[in-house]
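One structure is given here, and the rest of the page talks about it.
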Amino acid sequence: MSDFQIHGTDYVQFIVGNAKQAARYYEKLYGFKIVAYQGLETGNRVATSYLLQQNKIRLLLTTPLTPESPLNDHLYRHGDAVKDVAFWVDNARAAWEYATQRGAESVREPEKISDDHGSVVLSAIKTYGDTLHTFVERSNYNGIFIPGFEAVNGKDVQNTGLNFIDHIVGNQPDGQMEPVVNWYQEVLNFHRFWTVDDKDISTEYSSLRSIVVANDNERIKMPINEPADGVKKSQIQEFVDYYGGAGVQHIAMATKDIITTVRQLRENGVDFLETPQSYYDALLGRVGKIDEDIKILSELGILVDADKDGYMLQIFTKPILDRPTVFFEIIQRKGSQSFGKGNFKALFESIEREQARRGNL
Ligand code: FE2
């Protein structure tokens, strides 16, 4: 067990239809810098990948190059979607052995790959749906990413203050939340992260159940959702229908200054969910005194939630593709470790307006 320490998220990989264009989207709208590349020019004949980075967040965008590539199945089934939530570990072999001995399905046996900058050990297991966890051991490597990638001397990009991944949410079909939570506890030694959000959450229409699992150091936090019965279709069910099963619903990225970050993102063209003015009329009474000017929060559409430890500010983008599936959250924590339960109602009402416009409510 001592060898199996997860330090944090290493990267998140999306399989996309056109990584060349997607890379520009993350660069221009979100302020990620293209730092590494792999493709035909570097000797990869089957797929092209761009690695984008902003502070501690690394997004890997991969596109299959040929009709024969198995990555096409992921694209066909899920659209642009998260394939791999990679964990940074001390020992990728020990992590893989630990997980597979406890029932994880292997998708990549431990493999050491090397170049002039040293070596990286990679292994991977399957998690929910078609999603993977790759274990990345990089203590003997000083290159840009992993062997096979070439550093890109990209243009300077305006950093939007997105700092690190706060949490990654996995949506499950009905009845699959508990089995998936148990899997994380048994296979990866995660624990249930106590939060007041671990209860049923519902509006009149959208209902879900959610349990948050976390690793030892709690740098990996993964809310696991499933739909619950409501008057109309749950937004989790809508995701599952359009995604084609279980998958990553949203990635929450933390900032130290959400007002500056969201202002910049809006200027860049990021579309956020709208929040009704009535939400801000009720805000002070609900969360108490906060440092931020409510007028500015309301102009930017930023949500606030409080608990006994403090408060947090958050905002959700609209889906980043035409399927109503994957989106991002921007979050700033000021003491609170919650996931915004008090905002769920306001958020759901907003999501439901979009859902109704798509004819899916
Ligand atoms: Fe979230």
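Brief remarks follow.
- Residue identified as under 18 Å from G148 (Cβ atoms), of a type outside the set (S, T, N, Q) and surrounded by fewer than 19 Cβ atoms within 10 Å (Cβ to Cβ) among G39, G43, G17: G43
- Only one entry in G161, G129 is at positive phi, touching a Ser or Thr at 6+ places or on another chain (Cβ under 9 Å) and either of a type outside the set (S, T, N, Q) or outside the structural domain of N268 (by TED's automatic domain parsing) (or both), namely G161.
- Residue within segment 337-352 that is in a loop (DSSP other than H, G, I, E, B), within 14 Å of the ligand (Cβ to nearest atom), touching a strand residue (DSSP E or B) at 6+ places or on another chain (Cβ under 7 Å) and of a type in the set (G, A, S) present: yes
- Residue within segment 257-269 that is surrounded by 22 or more Cβ atoms within 10 Å (Cβ to Cβ), among the polar types (S, T, N, Q) and within 14 Å of the ligand (Cβ to nearest atom) present: no
- Qualifying positions in segment 49-59 - in a strand (DSSP E or B) and farther than 12 Å from G148 by Cβ: Y50, L52, Q53, Q54, I57, R58, L59
- Residues that are touching a Phe, Trp or Tyr at 6+ places or on another chain (Cβ under 7 Å), within 19 Å of L61 (Cβ to Cβ) and not in a loop (DSSP other than H, G, I, E, B), drawn from segment 142-170: E150
- For segment 313-328, the tally of residues that are away from the ligand (no atom under 12 Å from the Cβ) and in a strand (DSSP E or B) stands at 1.
Yes or no, residue by residue, for (1) closer than 30 Å to E218 by Cα; (2) in a loop (DSSP other than H, G, I, E, B):
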{"residue": "Q21", "(1), (2)": "no, no"}
{"residue": "L61", "(1), (2)": "yes, no"}
{"residue": "S69", "(1), (2)": "no, yes"}
{"residue": "N72", "(1), (2)": "no, no"}
{"residue": "W88", "(1), (2)": "yes, no"}
{"residue": "W96", "(1), (2)": "yes, no"}
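- Of the residues making up segment 242-256, those that are within 16 Å of the ligand (Cβ to nearest atom) and either surrounded by fewer than 18 Cβ atoms within 10 Å (Cβ to Cβ) or of a type in the set (G, A, S) (or both) are G247, A252, A254.
The values are calculated or read from the model by the stated rules, or taken from the named source; none is laboratory data. Remember, it's a predicted structure, so these values are computed and weren't measured experimentally. FYI the Cβ positions are ideal-geometry reconstructions off the backbone, even for glycines, and counts take in every protein chain you see.
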